[in-house]
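Contents: one structure, followed by commentary.
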């Protein structure tokens, strides 16, 4: 549970700190005096959707941190056999990095108002993201073919779970990406989709970071062989 | 000093945030069923939550029948007794209290209180309700599947939750887990709305420090829920996988009925950590909105500003922050390093400090106030008593050495019902009596309300006070029947029978409350716009009930905090938040010169 604390405590500290600052040097009981300017209404001068995405990323961070915490705690048990990281993941990671770069490129094109580049970049970013998902599925298939089933070891179960949760998040992003792209190709001006493109880019980078963290976790898990041989069933539990 | 009419244009800046585009429904269905209006969504949430809460109320009645008069009712057997216990707990905590405070009150009050036309993402908000309803229906469906609903206890501890022999270990538990996952998804959509609306949609002049404490409570509770619910989500998904696919996240190697099961090496304690990492903040997810609402009820009905507004906000922040580092105090009996026990006992006791601060401030707000014993005020005062009682037994249970013998006894049942069941529900009743006039335009009947209060308040004491003694005797919780135990005297049974009678009385008086809700909707006394003389913005709307868009043509401008009651020299004993300050003659001279 250390990992989740390392994530949630700073988030809560930041929230509490920001809110605490709102309470400093104010005397809430005093009324507005004539002549004083009213305090502004937009405390954070950002569009609501941007804040909404920020809040959602905090929720997702908590989710992934909890999964990683669970992974670390479960790893200690005797029946854990570390999964050799499939080589294919290096390729999919590369594809996801490229997808993020394409989105970043699209974002700057959107800011400069270059509609042709925005179209190209969006398509590239989306296709690469789909490519990443296809690659992940391929890795699943290879694992399955080599008898690494979800039930045969907790390390495998975690691998499937982590990649699935990450992939579903990316699918959610692709849904927004699809809406944005469709809007653009129906002839919307760049200005109308700029915010969506920017937020998609942020989300893409976020999911890339999460993926890198998960990948690093898989790579750094110390290799360990299940101590349970068929002779030791009585101690370790049932054979598979 | 003479007052002259003031000229707003001198100091009102134009709005920085543009007017939001409202969705305008044309049909009845668009207006009341697939509605994007936060007020309608709030009412939908409330009605659904109360309906499902009634189911849980009936379940508690059945449980009490068994405990009070064992072996009299043949339709209760050991296995459906456990199912009733489980469903009662889970429905009350998650599907009633959380949904009603955040989904119900949050949706109705946040936009009105901060001076917004609606939530910032109305469409997502609508989806949030329908996902919640779907979760509720899934949960209700679990009563009717083969094997019935789960009987694992509301904490759903593995391994027993998914092992044969526990009622509902197949379909029941799966539906429960899936329903929880959907609840969390729906809540996250709503929660994004509540947070962003409070941050971004406040009207001009409404600084964070002019927000009513109701909004502060709901706001902080939402932040806690957004960060804590993923823990329940993760544990639900992982347990569902253990059940359906046969993974071993939580399931250790087991021999069941002489057979080795296919599970191996999983950790039930891991589940407990994840569950309580959600479970403890959940207590405050329910308590913080109650704290906020009760602060406002007390201030309005005592005609006095809340004592220590800033301190109240700090206490909310402190409680919210601390609530994430106390979870393992639910796990003392699971075994842990003594230093961890010491740490969690310490943080648990520290959290009592801001909480006690709030209690003192409520009492000090009442001190020398012009108290009106309206029904909402009765419930608010009832809350203070009950919350102090429940909180004090929490200090017992927070200490490792005291908790060990009391754990899993009726003492624990008495404690958490006092502190997080009865207390919040008293606030909910108070809040409904308080805001019903705004929602419907009519007052709830006063006589029925007072009767409802006294029976509920005194009745809950008749129910939960004796349970403390049962706990001291060692009567365990969740047992279908206690037989053949020498340490429990015969008299414990008479006490149990008495508790059951009180439960049935309190339960049936809730029907009177429901009748009052319906009857007053048609026959209640018209309330007018502001029957309580309250300062907050929801009472200053041009229409009661407020129309779509809340505030008519112009959004209100806020000039003061929410607690200007009995201000010396003021015309009335309250000054609405949107009433501009009077300007003195000297000011007018200054402005013209």
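Miscellaneous remarks
- Shown is the FRET efficiency for residue B:446 and residue B:343, computed with R0 = 45 Å from the Cβ-Cβ distance and rounded to the nearest 0.05: 0.35.
- Using a Förster distance of 51 Å, the FRET efficiency for residue B:491-residue A:76 (Cβ separation, nearest 0.05): 0.55
- Cα long-axis angle, helix B:338-350 against chain B (0 to 90 degrees, to the nearest 10): 30
- Choice from A:136, A:22, A:225 showing the highest fluctuation, given a GNM over chain A with Cα pairs closer than 10 Å: A:22
- Shielding of B:231-244 by partner chains, average beta-carbon count, 10 Å: 3
- Sum of -39500 (n - 2.57) over DSSP H runs of 4+, divided by residues of chain A (222 nm, nearest 500): -25500 deg cm²/dmol
- Take the Cα of residue B:69, go 7 Å toward its beta carbon, and the backbone nitrogen atoms of the range B:477-501 under 12 Å from that spot belong to B:497-498, B:500-501.
- Residues of the range B:353-377 with amide N under 19 Å of a point placed 7 Å along Cα→Cβ from residue B:461: B:363, B:373-377
- Computed from label points 7 Å out along Cα-Cβ, the spacing between residue B:521 and residue B:508 is 2.5 nm.
- Principal-axis tilt of helix B:171-200 within chain B, Cα atoms, nearest 10 degrees: 20
- Shielding of B:217-229 by partner chains, average beta-carbon count, 10 Å: 3
- Packing, taken as the mean count of other beta carbons within 10 Å per residue, orders the peptides A:46-53, B:326-333, B:38-45, B:212-219 from highest to lowest as B:212-219, B:38-45, B:326-333, A:46-53.
- By the count of neighbouring beta-carbon atoms within 10 Å, fewest first, B:538, A:31, B:571 end up ordered B:571, A:31, B:538.
- Between 0 and 90 degrees, the angle of helix B:38-68 with respect to the longest Cα principal axis of chain B falls at about 30 degrees.
- Largest mean-square fluctuation among A:125, A:191, A:173, in a Gaussian network model of chain A whose springs join Cα atoms under 10 Å apart, belongs to A:191.
- Calculated on the Cα set of the range A:87-223, radius of gyration then Dmax: 16.7, 53 Å.
- In this simple spin-label model, placing a label point 7 Å from the Cα along the Cα-to-Cβ direction at both residue A:90 and residue A:26 gives a separation of 5.5 nm.
- Kirkwood radius, chain A, all distinct C-alpha pairs, inverse of mean reciprocal distance: 21.1 Å.
- Taking each residue as 0.36 nm, the span from residue B:356 to residue B:392 lengthens on full extension beyond its C-alpha to C-alpha distance by 12.0 nm.
- Our note on the geometry: Cα centres of the range B:548-583 and the range B:131-153, 47 Å apart.
- Equivalent-ellipsoid semi-axes for the range B:68-177 (Cα gyration tensor, √(5λ), whole Å, largest first): 35, 16, 11.
- Shielding score for B:181-188, defined as the mean number of other chain Cβ atoms within 10 Å: 1
- The range B:321-388 and the range B:83-114 have Cα centres separated by 20 Å.
- Cα-based shape type of the protein assembly as shown, given that a ≥ b ≥ c are square roots of the gyration tensor eigenvalues and the cut on a/c is 1.5: oblate
Bear in mind that the values in this text are calculations on the coordinates, not laboratory data. Source: prediction; values computed, not measured. Note: ideal-geometry Cβ built from the backbone for every residue, glycine included; neighbour counts use all protein chains shown.
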